[in-house]
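The values are calculated or read from the model by the stated rules, or taken from the named source; none is laboratory data. Source: prediction; values computed, not measured. Using ideal geometry, Cβ is built from the backbone for each residue, glycine included, and neighbour counts are taken over all protein chains shown.
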Amino acid sequence: MKSPARKSSPEFTILGIDPGSIFCGYGVIRSNGRDASYIASGRIAPPASNPLHIRLKAIHEALTEIIATYQPTDVVVEKVFFAKSAKAALQLGQARGVVLLAAACGGITLHERSALEVKKAVVGYGRAEKSQVQEMVKMILKIRGTLYPDSADALALALCYMNTLQFNIAVKSQNNHMTEQQ
């Protein structure tokens with residue numbers, strides 16, 4: 001008797017973005033719903049001497065190019081942020097708005113995750129230090145060498161979302177299995 005063909009898992013290309021008005025980290029991973037593979041990461045760093053509106057334009061242009069290059073199925077950005085001052089919070093919010101705009105212009109589904117969720121998903125502890133997140137990201141994705149902290153945070157966002165995908169796929173598979181048995 002021939003065994004039923006197994007459906008292959010869908011592939012997802014996930015772009016994590018850690019927005020900032022000075023540095024904007026990004027990280028791209030590919031996932032089949034079970035495993036993640038590192039594709040790319042980096043830092044968008046418009047000159048700090050430029051006025052804010054020019055830096056935001058540069059971030060938008062760079063994100064638009066990254067989206068065109070890697071064609072992500074999903075974009076993940078940090079949900080809540082903290083800043084040292086009201087001015088910094090406003091600038092971070094504006095940079096985050098540019099990220100949301102780039103995802104919308106690319107027609108890509110946007111997901112938000114809190115820093116607590118990301119740290120818990122990647123390190124297993126919601127109050128982990130940035131250095132712990134960075135080391136776990138490197139270990140999970142088998143990255144050798146140095147990562148910018150904002151790139152590591154962006155990759156951690158993507159990994160956190162991948163965990164959600166894994167859970168949803170497992171639940172769907174279990175539900176299908178239970179339906180077949182009835």
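Some values worked out for this structure:
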quantity	calculated
Glu78, sole failed condition from (1) over 14 Å from Tyr161 (Cα atoms); (2) in contact (Cβ under 8 Å) with a residue 60 or more places away in the chain	(1)
Total residues in segment 115-160, condition assigned to a helix (DSSP H, G or I), over 23 Å from Arg96 (Cβ atoms) and touching a Leu at 6+ places or on another chain (Cβ under 9 Å)	3
Sole exception among (1) part of a helix (DSSP H, G or I); (2) under 16 Å from the mean Cα position of the chain (by Cα); (3) surrounded by fewer than 20 Cβ atoms within 10 Å (Cβ to Cβ) for Ala88, by number	(2)
Unmet criterion (only one of (1) closer than 17 Å to Asp150 by Cβ; (2) in a loop (DSSP other than H, G, I, E, B)) for Gly33	(1)
Enumeration of residues in segment 21-35 that are more than 16 Å from Ile66 (Cα to Cα) and surrounded by fewer than 23 Cβ atoms within 10 Å (Cβ to Cβ)	Ser21, Ile22, Asn32, Gly33, Arg34, Asp35
Some residue of segment 1-12 being modelled with pLDDT of 95 or more and either closer than 17 Å to Val77 by Cα or out of contact with any Pro (no Cβ under 8 Å at 6 or more places or on another chain) (or both)	no
Some residue of segment 53-74 being exposed (fewer than 14 other Cβ atoms within 10 Å of the Cβ) and under 15 Å from the mean Cα position of the chain (by Cα)	yes
Yes/no for Ser131 being surrounded by fewer than 16 Cβ atoms within 10 Å (Cβ to Cβ) and either more than 28 Å from Lys57 (Cα to Cα) or touching a helix residue (DSSP H, G or I) at 6+ places or on another chain (Cβ under 8 Å) (or both)	yes
Subset of segment 121-142 [over 13 Å from Asp153 (Cβ atoms) and touching a residue at least 24 places away in the same chain (Cβ under 8 Å)]	Ile140, Leu141, Lys142
